[in-house]
Amino acid sequence: MALDEALRLGLTWDPDICLRMESANSQVNTSVGLAKNVPFTFAEGFTIYLQVHIFVKPAYTVLLGRPFDTLTESNIQNLQDGSAIITIRDPNTGRRTALPTLQRGKVPKAGVGGDSDPKF
């Protein structure tokens with residue numbers, strides 16, 4: 001997660017737990033620390049608590065990778081129109097939810113797909 005976003009959300013983190021991460025362009029950055037048990041709400045009543053490393057000025061706001069995919073047993077169904085449906089499972093309850101996505105570069109219609117302030 002980007003440091004700016006962590007600050008905006010009022011997160012705290014342990015500066016003694018850091019890792020080095022290599023980007024796609026082979027640049028290596030060290031995290032400023034680990035925020036523990038950060039609630040991520042993906043759908044109404046569907047919150048998963050994640051351990052999040054914080055980085056200064058990464059190329060993303062939040063990056064969910066293989067650990068997230070493994071934890072949630074994610075499944076991606078790619079559709080012919082360029083969109084996808086991502087199904088994730090709450091590791092604590094076993095409950096599953098399907099999350100529709102949009103084709104890259106498409107913007108959701110106003111009033112569709114939840115509120116305009118994403119929850120992390």
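Could you compute the net charge surrounding Leu11? Neighbours are other residues with a C-beta less than 10 Å from the C-beta of Leu11; K and R count +1, D and E count -1.
Surrounding charge for Leu11 is +1.
Could you size up the charge dipole of segment 11-98 around its Cα centre, putting +1 on the beta carbon of Lys and Arg and -1 on that of Asp and Glu, and report it in debye to the nearest 20?
Approximately 60 debye in magnitude.
Normalising by the residue count of the chain, find the relative contact order in percent from Cα pairs under 8 Å and 6+ residues apart.
After rounding, I find 20 percent.
Could you state how much accessible area Lys106 has, in square angstrom rounded to the nearest 10, with a 1.4 Å probe and all protein chains kept in place?
We get 120 Å² for Lys106.
For a quick check: with amide H placed at 1.01 Å from N, whose amide H comes under 5 Å from Val32's, ignoring anything fewer than 5 positions away on the same chain?
Ile54, Phe55, Val56
Using 1/(1 + (r/R0)^6) with R0 = 25 angstrom and r between the beta carbons of Arg89 and Lys36, what's the FRET efficiency to the nearest 0.05?
0.75
Read through the labelled values (1) 41; (2) 36; (3) 33 and report the label of the one computed as percent of Cα pairs over 23 Å apart from the structure.
Given (1) 41; (2) 36; (3) 33, the structure-derived one carries the label (1).
Which value, in Å² rounded to 10, gives the accessible area of Ile48 with a 1.4 Å probe and all protein chains present?
0
Could you compute how much accessible surface Met21 exposes when probed at 1.4 Å, giving the result in Å² to the nearest 10?
Roughly 60 Å² of Met21 is accessible to a 1.4 Å probe.
In whole percent, how big is the carbon plus sulfur part of the accessible area of the chain, probe 1.4 Å, protein atoms only? Kindly include the intermediate steps, with their values, before the conclusion.
Values: 4360 of 8590 Å².
Answer for the chain: carbon and sulfur cover 51 percent of the accessible area.
Counting only heavy atoms of the protein chains, get the accessible area per residue of the chain (1.4 Å probe) and round it to a whole Å² value.
Working: 8590 Å² over 120 residues.
Per residue, the chain has an accessible area of 72 Å².
For the chain, what is the mean residue ellipticity at 222 nm derived from helices alone (per DSSP H run of n ≥ 4: -39500 (n - 2.57); sum divided by total residues; nearest 500 deg cm²/dmol)?
Only helices count here, giving -3000 deg cm²/dmol.
The values are calculated or read from the model by the stated rules, or taken from the named source; none is laboratory data. What you see is a predicted model, and the numbers here were worked out from it, not measured in a lab. In this analysis, Cβ positions are derived from the backbone assuming ideal geometry, glycine residues included, and neighbour counts consider all displayed protein chains. SASA here: full protein model, heavy atoms, side chains in, ligands and nucleic acids out. Shrake-Rupley method; radii C 1.70, N 1.55, O 1.52, S 1.80 Å.
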